[in-house]
Amino acid sequence: MENRNQTPEREQWGSKIGFILAASGSAVGLGNLWKFPYMAGKNGGGAFVLVYFIILFLVGFTLMLGEIVLGRHTQLNAIGAYRKIRKNWAWVGGLGVLAGFLILSFYSVVGGWVINYIIKSVTGGLYSSDPKVLGNIFNDLVSSTMTPIFYHAIFMVLTFIIVLGGIGGGIEKASKIMMPALFIMIVIIAIRSMTLPGGVEGIKYLLVPDFSKINMDVILNALGQVFFSLSLGMGCMITYGSYLNKDTNIPQSAAIIPLVDTGIALLAGLAVLPAVFAFGFEPEAGPGLIFVTLPAVFSQMPLGGLFAFMFFLLVLFAALTSSISMLEVCVAYVVDEWKWNRKFTTILISLAIFIMGVPASLSMGPWSHITILPGKGFFDTYDYITSNILLPLGGLLLCIFIGWIWGIDQAVKEATNNGTLKFSLAPMWGVLIKYVGPIAILIVFIRSFI
Ligand code: PHE
């Protein structure tokens, strides 16, 4: 393993596909498999999906490209990247590191639930198609005191073990195995779910928009979800981009990653929502949705126990390829800027994130009466502050930074490898990042606070 303290050379991805898989691995995670289906369920189904697509097209690709270009140009962590170009912008990267820290602290709690479900699927603890029984199993888990904290700790340990392995040996290797397996699995499960009697209703719910359901809340939630799902607005893609070599085709990668991410989110929606309707669950059920509906689907399948096991294992993989990217953002900053030892930094930050996550876990049970923001406990507050505020804010500032401070010409020069690559969408991208992105984010922002 390489120790970046002793080797001034910065590590790089081993291959182009390695980077795409790692960056898609960061994007594809609990945001797609767990959050997207229940966000769609809560925000009017097809209406949400439509708004999601519009935002994805306008700001998703734009920012993805912007972040990767900034990262590769500076070859630095999120804070260092801003600082290198304009000193007094470093705090924007700082907001990102903070967001990564906060997201991982509740993300890891959910990751812990997933580990617990893997074990349950082996011991037969999920074998029921009764919504009530499955709902109780989930509630019992998340509302207990010690069990979810214990699994949250295990998830953080797994995360830091991979990050300790470094870029090529840890992050890239893990993503190369886990991402293809996940894809195959989710396709099989979506097919089973869609062919359940009554499942068609779920497909309609997800894909046919009811325009009357679109309101400001739905739009803000969709905006937050685009950022969260694409790992944007917090310097994650800046950091991953910083490990790229100078001849990668960035515009191409920046287009592939959102496509993979959205494809998997839709597949997850198609795996979950048809089952919701087939078994008479509520689509608005919230964070418990995949934990109660999918076991019901599995119980209707031959070899259901095996499927449940494989599925939750893959959800764990997807979650890990994302959690490592969040941890890497924090670690890269401290190692680059403070020159700390990578191993020590990784362990220390993981511990801090674990501690930060404990109240999030407790807020699902013993601390459910404590509210931080109106009507929101620790868990929901972390989620709201990051997805709906910090990430869009980070994205807004990134657009302004690239469009108006660093300058489109510089950015395009980097994106095209000094003009050697063809990037015919460059003029459109310039308009998107300079005007459309910031204005769209600002409007949603301002409207949601008044
Ligand atoms: N994109 C990840 C997911 O969908 C979550 C994430 C957010 C990862 C921000 C990194 C940065 O689960």
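The values are calculated or read from the model by the stated rules, or taken from the named source; none is laboratory data. Keep in mind it's a predicted model, so treat the numbers as computed, not measured. Positions of Cβ are backbone-derived with ideal geometry, glycine not excepted, and every protein chain shown enters the neighbour counts. When the accessible area is computed, the model is the full protein with side chains, heavy atoms only, and any ligands, DNA or RNA have been set aside. Shrake-Rupley method; radii C 1.70, N 1.55, O 1.52, S 1.80 Å.
In the stretch 271-290, the qualifying residues are those that are open to solvent by 30 Å² or more (accessible area, probe 1.4 Å) and more than 14 Å from K132 (Cβ to Cβ), and the one that is modelled with the lowest pLDDT is E284. Considering the stretch 389-400, and only residues there that are over 18 Å from A426 (Cβ atoms) and surrounded by 21 or more Cβ atoms within 10 Å (Cβ to Cβ), the residue that is nearest to the ligand (Cβ to nearest atom) turns out to be L391. Contact map, the stretch 325-352: first residue farther than 16 Å from F155 by Cβ and without any contact (Cβ under 8 Å) to a residue 60 or more places away in the chain, second residue open to solvent by less than 10 Å² (accessible area, probe 1.4 Å) and within 16 Å of the ligand (Cβ to nearest atom), Cβ cut-off under 7 Å, separation 6 or more or different chains; pairs are T345/V331. Taken over the stretch 149-166, residues that are of a type in the set (F, W, Y) and at pLDDT below 95 amount to 1. Close contacts from the stretch 192-211, counting a first residue that is closer than 21 Å to F307 by Cα and a second that is assigned to a loop (DSSP other than H, G, I, E, B) and open to solvent by less than 50 Å² (accessible area, probe 1.4 Å), with Cβ to Cβ under 7 Å and a gap of 6+ residues or different chains, come to R192/M301; S193/G199. Scanning the stretch 163-173 turns up no residue that is among the charged types (D, E, K, R), more than 29 Å from A27 (Cβ to Cβ) and open to solvent by 20 Å² or more (accessible area, probe 1.4 Å). Scanning the stretch 221-266 for residues that are in contact with a Lys or Arg (Cβ under 8 Å, 6 or more places away or on another chain) and hydrophobic (A, V, I, L, M, F, W, C) yields F228, L244, I250.
Criterion applied to T371, T386, T381, T293 was being within 16 Å of the ligand (Cβ to nearest atom) and either open to solvent by 20 Å² or more (accessible area, probe 1.4 Å) or closer than 22 Å to Q225 by Cβ (or both), and the one residue passing it is T386. Among the residues of the stretch 92-127, how many are of a type in the set (A, V, I, L, M, F, W, C), more than 19 Å from L314 (Cβ to Cβ) and more than 16 Å from the ligand (Cβ to nearest atom)? Of the residues in that region, 0 qualify. Selection of first residues in the stretch 386-415 that are modelled with pLDDT of 95 or more and of second residues that are more than 14 Å from the ligand (Cβ to nearest atom) and among the acidic types (D, E), restricted to Cβ pairs under 6 Å at least 6 apart or on distinct chains, gives an empty result.
Of all residue pairs spaced 6 or more apart or on separate chains, those with beta-carbon atoms under 7 Å, a first member in the stretch 21-33 that is over 16 Å from F311 (Cα atoms) and a second member that is of a type in the set (D, E) are A22/E172; S24/D261; A27/D261. Among the residues of the stretch 296-319, those that are within 16 Å of the ligand (Cβ to nearest atom) and either open to solvent by 10 Å² or more (accessible area, probe 1.4 Å) or not in a helix (DSSP H, G or I) (or both) comprise L314, L316, F317.
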